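These notes are about the structure you will find just below.
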Amino acid sequence: GDFYSLLSKLLGEREDVMHVHKHNPTEKAESDLVAEITNVVQKKDLPREITNHDERDNTILVRDRIHKFHRLESTLRPPENRYFSLQQPKHGEGSWENEHTGDFHIEEAMEWPGLDLKLGQVSGLALDPENNLVIFHRGDHVWDENSFDSKFVYQQRGLGPIEQNTILVLNPSNAKLLHSMGKSLFYLPHGLSIDKNGNYWVTDVALHQVFKLGADDKEPLLTLGVALQPGSDKNHFCQPTDVAVDPITGSIYVSDGYCNSRIIQFSANGLYVMQWGEETSLYRARPGQFHIPHSLALIPDFSQLCVADRENGRIQCFRLETGEFMREFKHKSFGRELFAVSYIPGGLLFAVNGMPYPGEAEPLQGFVMNFSTGEIIDTFIPLRKNFEMPHDVVASEDKTVFVGDVHARAVWKFASTEKTEHRSVKKAGIEVQEIKESEAIVEARLKNNPESTDPLKKQEKQHLVQQASTGVSFVLITTLLIIPIVILLAILVFIRWRKTTVCGADGEHKLDSSSGRILGRLRGKGGGGLNLGNFFASHKGYSRKGFDRLSTEGSDQEKDEDDGTDSEEGCSAPPPAPSSS
């Protein structure tokens, strides 16, 4: 029941839409099935409130989707696996078990000194096989309104190529410069990626070319496109933006670009294979249409290529082998522009958006998304300086994220902070799991989501009221239990005291060896009754004019001084008379 409730909620209440391309249902590869499952789970077709008029139709729709989901899901995983998953990664390609929503938070690494580097316009970022950070920047060149004419021909060739090293390799921990290159090669650098062998793949929007560079080579190993000549055929580019290289096949994918709306595939040797994409329609951006394909991210776990469709404010993903549209990620919080996208094995997608239009409220920020569902897991912003135009993003498998800003001419480092710390403690053979919430993460969450403070305050008040009511109940019950016990004890003490007093008085008269004569007088010579007159008359200072008030202080003092008269057994057996010595 909980599963169907959750599934129905996903079907009817999702605000963010993920479109999935439908293929021929007769022969489906695994990725096709994943796409259709995602379509069933994510696509929003039901209204939030079902009216009486269409309640029956919508109920049937939900039922049919559930049946379709189970039919498709059963082809991907064994029936005994009860955990919901769209697709499991291949062995050695990351674990989905740790990628739960909210398990971590991305925050700026405040101690990282790389923010203070003197850089030109930062256009591209990448990580090499050793996880070193590689920066592609423009030195003293700037892309402005005077850089190109109406036909996209570069107008500042007289400046010559950039005289500074445009490719910088930094230690990701302390920002120490490890290596630099790229002097006198480029005019307006843009995209950067690094293949599994450590080769640099870069684009230059002024030259309209794509280059492959070795880490230690001064000359390109491969050049695609014709220098300074924009075009739209197989041999020309028009301001190409990014490159991605398939680690398995070596195929080269180029996003082209600012004045072409296409993705071009080349073989590992640089031979043209195919292309896909077209300009965006006037009224609506359809699947496979682009308005500046700006950044590329390979998804080897799913054999897909994702494209940051910048001016359409979305991410589109395509099958590597065929270029077929697979899915789209589009969220309101993206705003109108989405600049860059990056992926790490295990199912996490990172992105940065663009400056909001006047009157729009979506801030400049970074995003972390679950690739299988499209859900935004987290957002992040810098604490030192501010984003001005974040142009590229790259992430490592340990969730360390770098963002390069073309206007701020800076690179930020962000790190993952676990929201919960789990500890297992063995006590008396029982494992107790303690979950400790990190206060820093809560504070950061409250800053990013101020509207969430009221529910937290309400929860805190409810918690305090519950604690107070629990305390009052405990005190009341305890008081009611103690009062009868105290009364009972008081009664027992009183009875004991009375009994001890009486018994003590009798014992004193019987056991005191010096009081024999007094006893004789009390009893009388003839063993008659008690003669109080004779008894008191024998004492000095006695006056027969009347009885004096009897004082009880003397008896209390005697009781305190006589240590041998108390007995736990009461008055039934008087102790033996003390022997004289």
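The values are calculated or read from the model by the stated rules, or taken from the named source; none is laboratory data. A quick note: this is a predicted structure, and the numbers were derived from the prediction, not measured. Note that we place each Cβ from the backbone using ideal geometry, even for glycine, and neighbour counts take in every protein chain shown. Only protein heavy atoms, including side chains, enter the accessible area calculation; ligands, DNA and RNA are left aside. Shrake-Rupley method; radii C 1.70, N 1.55, O 1.52, S 1.80 Å.
What about Ala227, is it in a loop (DSSP other than H, G, I, E, B), without any contact (Cβ under 8 Å) to a residue 24 or more places away in the chain and not acidic (Asp, Glu)?
So Ala227 fits the description; yes.
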For Gln275, are the conditions met, namely being open to solvent by 40 Å² or more (accessible area, probe 1.4 Å), out of contact with any Cys (no Cβ under 8 Å at 6 or more places or on another chain) and free of Cβ contacts under 8 Å to residues at least 60 places away in the same chain? yes
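Conditions (1) in a strand (DSSP E or B); (2) under 26 Å from Ile292 (Cβ atoms); (3) modelled with pLDDT under 95, marked per residue:
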position: Ser180; (1), (2), (3): yes, no, no
position: Leu185; (1), (2), (3): no, yes, no
position: Leu192; (1), (2), (3): yes, yes, no
position: Val210; (1), (2), (3): yes, yes, no
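Table: residues versus (1) more than 14 Å from Gly225 (Cα to Cα); (2) open to solvent by 30 Å² or more (accessible area, probe 1.4 Å).
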position: His236; (1), (2): no, yes
position: Asp242; (1), (2): no, no
position: Asp246; (1), (2): yes, no
position: Gly270; (1), (2): no, no
position: Glu279; (1), (2): yes, yes
Going through Ser150, Ser232 one at a time, which residue ends up being in a loop (DSSP other than H, G, I, E, B), without any contact (Cβ under 8 Å) to a residue 60 or more places away in the chain and farther than 19 Å from Ile263 by Cα? Ser150
Given the conditions (1) at pLDDT below 95; (2) farther than 20 Å from Val403 by Cβ, which single one is not true for Phe104? (2)
Please determine whether any residue of region 401-413 is open to solvent by 20 Å² or more (accessible area, probe 1.4 Å), closer than 28 Å to Asp103 by Cβ and either among the aromatic types (Phe, Trp, Tyr) or at pLDDT 95 or above (or both). yes
Pull up region 385-417, narrow it to residues that are over 18 Å from the mean Cα position of the chain (by Cα) and among the small types (Gly, Ala, Ser), then point me to the one that is nearest to Leu348 (Cα to Cα). Gly404
May I ask you to list the residues in region 194-208 that are part of a strand (DSSP E or B) and of a type in the set (A, V, I, L, M)? Ile194, Val202
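For (1) polar (S, T, N, Q); (2) in contact with a helix residue (DSSP H, G or I) (Cβ under 7 Å, 6 or more places away or on another chain); (3) more than 23 Å from Cys306 (Cβ to Cβ), each residue gets a yes or a no:
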site	(1), (2), (3)
Gly214	no, no, yes
Val226	no, no, yes
Cys238	no, no, no
Val243	no, no, no
Ser261	yes, no, no
Would you tally the residues in region 261-287 being hydroxyl-bearing (Ser, Thr, Tyr) and more than 40 Å from the chain's Cα centre (by Cα)? 2
Return yes or no: is Arg77 modelled with pLDDT under 95, surrounded by fewer than 17 Cβ atoms within 10 Å (Cβ to Cβ), part of a loop (DSSP other than H, G, I, E, B) and in contact with a Ser or Thr (Cβ under 9 Å, 6 or more places away or on another chain)? yes
Whichever residue in region 161-174 is over 14 Å from Ala126 (Cα atoms) and out of contact with any Lys or Arg (no Cβ under 7 Å at 6 or more places or on another chain) and, among such residues, is least open to solvent (accessible area, probe 1.4 Å): Pro161
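Would you point out the residue of region 281-302, among those that are in contact (Cβ under 8 Å) with a residue 12 or more places away in the chain and open to solvent by 40 Å² or more (accessible area, probe 1.4 Å), that is farthest from Gly124 (Cα to Cα)?
Of region 281-302, the ones in contact (Cβ under 8 Å) with a residue 12 or more places away in the chain are 285, 287-302.
Right, trim to open to solvent by 40 Å² or more (accessible area, probe 1.4 Å) and you get 287, 291, 300.
Details: Pro287: 26, His291: 20, Pro300: 21 Å.
The extreme case among them is Pro287.
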Can you tell me which residue is farthest from His391 (Cα to Cα) among those in region 175-190 that are out of contact with any Pro (no Cβ under 7 Å at 6 or more places or on another chain) and surrounded by 20 or more Cβ atoms within 10 Å (Cβ to Cβ)? Gly182
If Phe237 satisfies all but one of (1) outside any loop (DSSP other than H, G, I, E, B); (2) over 40 Å from the mean Cα position of the chain (by Cα), what's the number of the condition it fails? (1)
Which number in (1) open to solvent by 60 Å² or more (accessible area, probe 1.4 Å); (2) charged (D, E, K, R); (3) within 13 Å of Phe186 (Cα to Cα) marks the one condition that Glu130 misses? (3)
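Residue-wise test of (1) crowded, with 24+ Cβ neighbours inside 10 Å; (2) among the basic types (Lys, Arg); (3) out of contact with any helix residue (DSSP H, G or I) (no Cβ under 8 Å at 6 or more places or on another chain); (4) not in a loop (DSSP other than H, G, I, E, B).
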position	(1), (2), (3), (4)
Glu321	no, no, yes, no
Ser333	no, no, yes, yes
Arg336	no, yes, no, no
Ala340	yes, no, yes, yes
Phe350	yes, no, yes, yes
Tyr357	no, no, yes, no
